[in-house]
Amino acid sequence: MDEVLARIPHMLAARYSLLYALSPEEERVERGIERMCAQNGLAYYRWRHTTGIRGADLADAEATRDPAAALERIASIEGPALFVFEDLHTSIGDISVTRRLRDLEPELGARRQAILVLSSTLVIPAELEKDFAVLDVPLPTRKEVARVLAVLLQSQKIDLKADLFEAFVTASLGLTEKEIKRAYARVLVDGKRFGAPDLALLIDEKARLLRRSRFLEFIRPEVGAGDIGGLGNLKDWLRQRQAGFSDRARAFGLPEPKGLFLLGVQGCGKSLSAKAVADLWRVPLLRLDVAALFTGRAEEGLRDTIRIAESIAPAVLWIDEIEKAFLQDQGGGRVFGAFLTWMQEKTKPVFVVATANEVRALPPELLRKGRFDEIFFVDLPNIHERLEILDIHVRRRGREPDQFDLLHIAEETEKFSGAELEQLIIAAMFMAFSAERELRQDDLVRVARDSVPLAVTMDDRLKELREWARPRARPASVDTRRISFFADWEAT
Ligand code: ATP
């Protein structure tokens, strides 16, 4: 946070006089601003609707509870200063306030003064949009969280081993200072001593908080690359980059991995792959629900998402059904424009995995070089992949794959997706279960013959997808013709 706030004196020198600090953490940011003002010789004033302007030698604050009156008052204050307005987003659109801000703007700049609106909601009237500089205040960093925890442990005389201390700090990243303190207080109230079970509770609490307040879901990846059938090229690519976030990779001269775009047929393992990335790299996985993001204040939601992802970094940010963003971005693509800029310029190790089923809505600039490290096309599984997928799911349901002729089922299931193969096994098991006997090969064969995969009815869409992908994306699967050539060749 301090790094962002340290920019304010330079902004004042460059005559930026209207600032907007976006943060859900009023108290913490306010403390930081006060500290920064003291260090830089800036007088600090604070306005709230309930108190009016408070600050150095200012009498009758009550009279300045009205925002327009407060702005009027500011005009008579001399010397370098920062005026923090805390509830201004609710009245910033009133003509008396907007007009006053526009009139004040040049005067403030000349006096090395600025008004800073501090709010968790971004509300800037159109006529002031170009005058405001928006600062995104990050959530507590690793260092800040460590400080909070160390102070608490010391006051409670609790001794924590270094690795558990680190684990608590990591588990707290992505939360606000208040949320962190509340979670720690709960551990204490429960009479616990910051042991491993408390850590699991904290992680649960974080998952709950992220889901409730934002569009993000904190997912504990229970899926590894071993749970994915096929997609050999994609898995190799990921394995090669396994240590991509390490200092060793930086020292070797490698750039930080940026992101992966997975385009493909429904139910063929895109989501599974996003989870496997996080598992393989042993970093947290955050899923952004794009559709939900655009039902609310999308710009704020996106900033919030970036703030959380960066505070948790290294992390994987999974953007599911990214195409929905372009269909729903009513701001003429402005929100997603901001996202693309972030992707291009991000400095924190947040690896983006974007998945899409549709190509029509994708703007070309999304896939321009430099945004994603690679674009993979996930097609329907070929026969070898179907065999692997069947094997995985038969095993998962507690059966031994060599009890069945799965190759035969794989031959019978052309155009089936991975999800449909999984469903096939479940349906066959129901058949056996209702007949009160064990699962048999003929159950599998019957379900395979009776099912019509979605790809048959969606043939045109599939063709369109493949045509679009051919010149733009790498196949996620190893080339099947080569495999079958070698298989045939070996068999002779
Ligand atoms: P959608 O676009 O509909 O979200 P998707 O490509 O993300 O589809 P997944 O959610 O990964 O598909 O697949 C759904 C389920 O189907 C998975 O949870 C898994 O059980 C099974 N499945 C799909 N593909 C594979 C695969 N390649 N290997 C093993 N299981 C698979």
* Asked: Yes or no: Ala274 assigned by TED's automatic domain parsing to the domain that holds Ser246, free of Cβ contacts under 8 Å to residues at least 40 places away in the same chain and crowded, with 24+ Cβ neighbours inside 10 Å?
  -> no
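Go through segment 241-276 and give me each residue that's farther than 24 Å from Arg466 by Cβ and among the aliphatic types (A, V, I, L, M).
Of all residues in segment 241-276, those farther than 24 Å from Arg466 by Cβ come to 241-258, 275.
Answer for segment 241-276, where residues must be farther than 24 Å from Arg466 by Cβ and among the aliphatic types (A, V, I, L, M): Ala243, Ala249, Ala251, Leu254.
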* Structure fact -> Going through segment 210-260 in order, the residues found to be of a type in the set (A, V, I, L, M, F, W, C), in contact (Cβ under 8 Å) with a residue 12 or more places away in the chain, more than 16 Å from the ligand (Cβ to nearest atom) and outside any loop (DSSP other than H, G, I, E, B) are Leu210, Leu216, Phe218
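Could you tell me which residue of segment 76-106 is surrounded by the fewest Cβ atoms within 10 Å (Cβ to Cβ), considering only residues that are part of a loop (DSSP other than H, G, I, E, B) and modelled with pLDDT of 90 or more?
The initial filter retains those residues of segment 76-106 that are part of a loop (DSSP other than H, G, I, E, B), namely 76-80, 86-87, 91-94.
Those left that are additionally modelled with pLDDT of 90 or more: 80, 86.
On the way: Pro80: 16, Glu86: 18.
Filtering first and then ranking leaves Pro80.
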* Asked: In segment 287-343, which residues are at pLDDT below 85, assigned to a loop (DSSP other than H, G, I, E, B) and over 12 Å from the mean Cα position of the chain (by Cα)?
  -> Phe294, Thr295, Gly296, Arg297, Asp329, Gln330, Gly331, Gly332, Gly333
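Can you name every residue in segment 360-374 that is within 16 Å of the ligand (Cβ to nearest atom) and surrounded by 17 or more Cβ atoms within 10 Å (Cβ to Cβ)? Give the steps one after another, and end with the answer.
Let us first name the residues in segment 360-374 that are within 16 Å of the ligand (Cβ to nearest atom), namely 360-362.
Correct list: Leu362 only.
Residues that are at pLDDT below 90, within 21 Å of Glu107 (Cβ to Cβ) and not assigned by TED's automatic domain parsing to the domain that holds Lys178: find the strands (runs of 3 or more DSSP E) completely inside segment 1-74 holding 2 or more of those.
Details: elements: 18-22, 43-48, 52-55.
Answer list for segment 1-74: 52-55.
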* Asked: Do we find a residue being at pLDDT 95 or above, outside the structural domain of Gly269 (by TED's automatic domain parsing), within 30 Å of Arg371 (Cα to Cα) and within 16 Å of the ligand (Cβ to nearest atom) anywhere in segment 423-439?
  -> no
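Among the residues of segment 264-283, count how many are more than 10 Å from the ligand (Cβ to nearest atom) and of a type outside the set (Val, Ile, Thr).
So the first thing to find is which residues in segment 264-283 are more than 10 Å from the ligand (Cβ to nearest atom), and the list is 277-283.
So of that shortlist, the ones also of a type outside the set (Val, Ile, Thr) come out as 278-282.
So the answer is 5.
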* Answer yes or no as to whether Val117 is without any contact (Cβ under 8 Å) to a residue 60 or more places away in the chain and either among the aliphatic types (A, V, I, L, M) or not assigned by TED's automatic domain parsing to the domain that holds Leu19 (or both). => no
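The values are calculated or read from the model by the stated rules, or taken from the named source; none is laboratory data. Please read these numbers as outputs of a predicted model, since none were measured by experiment. As a convention, Cβ positions derive from the backbone with ideal geometry for all residues, glycine included, and neighbour counts pool all protein chains shown.
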